[in-house]
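The structure's right below; bear with me while I get my questions together.
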Amino acid sequence: MLAGRKFPGQEVARCAQFVLVSIVLGLGITQLLTGLSQLLQNPDKSSVYFPSFIWFFVLLVAHVQTWWTLFGLRSIENWNFVQFFVVLLQPIGLYLLSTPALPLQSNGSIEEYYFRNRKWFFTILAACLLFSLMRDLVLYGELPERRNLAFHLVLFTVSVGGICVSARRYHLVLSAVAAIGISAYIYGLFFNLT
């Protein structure tokens, strides 16, 4: 059996694994920037809806933060397919979130688009949080440390609220809480790459 043996190209293979992660994250960032670009090119067709733009910012930061965090996994020497697949689920989820964040093409307003897609958006957000928790369980056999876990639980609650509540003011507050939350999360837990 070859498991556990070191081969000359293992370091290169490990880096190649993360090329796929980087590609998926890059596709998500491209989707976000394309949506913003479309809105900027057609200012008369779109009205400003702040929660959409706040979620744009949150998702852009989340893509970069995910790459930043996953880069820290480069020191893990022995990977199996399940571990890598679970790691890949979070970037895939972020890409899927990027699609409903801002419309590439929409016949209505950004606000109408937001509320038409909010249940899918917040369901995928909740799934991304579960994928993040699964990553720690699969790689380390435990949930993340308490502050990290608390952030996941708060944002999961935000996601459930986004699915269940359709009040406009609630979604404005919800997006602001998410923006403040991800800023605090990154500053408190991931400001420096170790």
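The values are calculated or read from the model by the stated rules, or taken from the named source; none is laboratory data. The structure displayed is predicted, hence computed values, not measured ones. Cβ atoms come from the backbone with ideal geometry, glycine included; neighbour counts cover every protein chain shown.
Anything in the range 149-182 that is touching a Phe, Trp or Tyr at 6+ places or on another chain (Cβ under 9 Å), surrounded by fewer than 18 Cβ atoms within 10 Å (Cβ to Cβ) and among the polar types (S, T, N, Q)? List them, or say none.
Ser166, the sole residue that qualifies.
Right, here's the next one. Looking at the range 25-53 only, could you name the residues that are modelled with pLDDT under 85, closer than 23 Å to Leu94 by Cα and in a helix (DSSP H, G or I)?
Hits for the range 25-53 are Gln38, Leu39, Leu40.
Related question: Regarding Val87, is this residue under 18 Å from the mean Cα position of the chain (by Cα), surrounded by fewer than 19 Cβ atoms within 10 Å (Cβ to Cβ), touching a residue at least 12 places away in the same chain (Cβ under 8 Å) and on the phi < 0 side of the Ramachandran plot?
No; evaluated as a whole, the condition is false for this residue.
Also, I was wondering about something else. Within the range 140-152, is there a residue that is over 22 Å from Leu27 (Cβ atoms) and of a type in the set (S, T, N, Q)?
Yes, there is a match, as at least one residue in the range 140-152 is over 22 Å from Leu27 (Cβ atoms) and of a type in the set (S, T, N, Q).
Just the residues that are out of contact with any Ser or Thr (no Cβ under 6 Å at 6 or more places or on another chain) and at pLDDT 80 or above, please, taken from the range 77-90.
Asn78, Trp79, Asn80, Phe81, Val82, Gln83, Phe84, Phe85, Val86, Val87, Leu88, Leu89
Also: Within the range 65-84, can you find the residues that are of a type in the set (A, V, I, L, M, F, W, C), assigned to a helix (DSSP H, G or I) and surrounded by 12 or more Cβ atoms within 10 Å (Cβ to Cβ)?
Scanning the range 65-84 gives Trp67, Trp68, Leu70, Phe71, Leu73, Phe84.
Among what's in the range 143-166 and is among the charged types (D, E, K, R) and not in a loop (DSSP other than H, G, I, E, B), pick the residue that is farthest from Gly181 (Cα to Cα).
If we take residues in the range 143-166 being among the charged types (D, E, K, R) and not in a loop (DSSP other than H, G, I, E, B), then Arg146 is farthest from Gly181 (Cα to Cα).
Taking the range 55-113, which residues are among the hydroxyl-bearing types (Ser, Thr, Tyr) and closer than 23 Å to Asp136 by Cβ?
Thr66, Thr69, Ser75, Tyr95
Still on this structure, I have one more. Tally the residues that are at pLDDT 90 or above and polar (S, T, N, Q), restricting the search to the range 91-100.
1
Before we move on, is Leu32 touching a Leu at 6+ places or on another chain (Cβ under 7 Å), over 19 Å from Leu133 (Cβ atoms) and not aromatic (Phe, Trp, Tyr)?
Yes; evaluated as a whole, the condition is true for this residue.
Ser109: in contact (Cβ under 8 Å) with a residue 12 or more places away in the chain, more than 30 Å from Gln41 (Cβ to Cβ), polar (S, T, N, Q) and out of contact with any Pro (no Cβ under 7 Å at 6 or more places or on another chain), yes or no?
Spelling it out, it is not the case that Ser109 is in contact (Cβ under 8 Å) with a residue 12 or more places away in the chain, more than 30 Å from Gln41 (Cβ to Cβ), polar (S, T, N, Q) and out of contact with any Pro (no Cβ under 7 Å at 6 or more places or on another chain).
Mind telling me which of the residues Gly108, Gly93, Gly141 ends up being under 17 Å from Thr66 (Cα atoms) and either buried (at least 17 other Cβ atoms within 10 Å of the Cβ) or of a type in the set (Gly, Ala, Ser) (or both)?
Gly93
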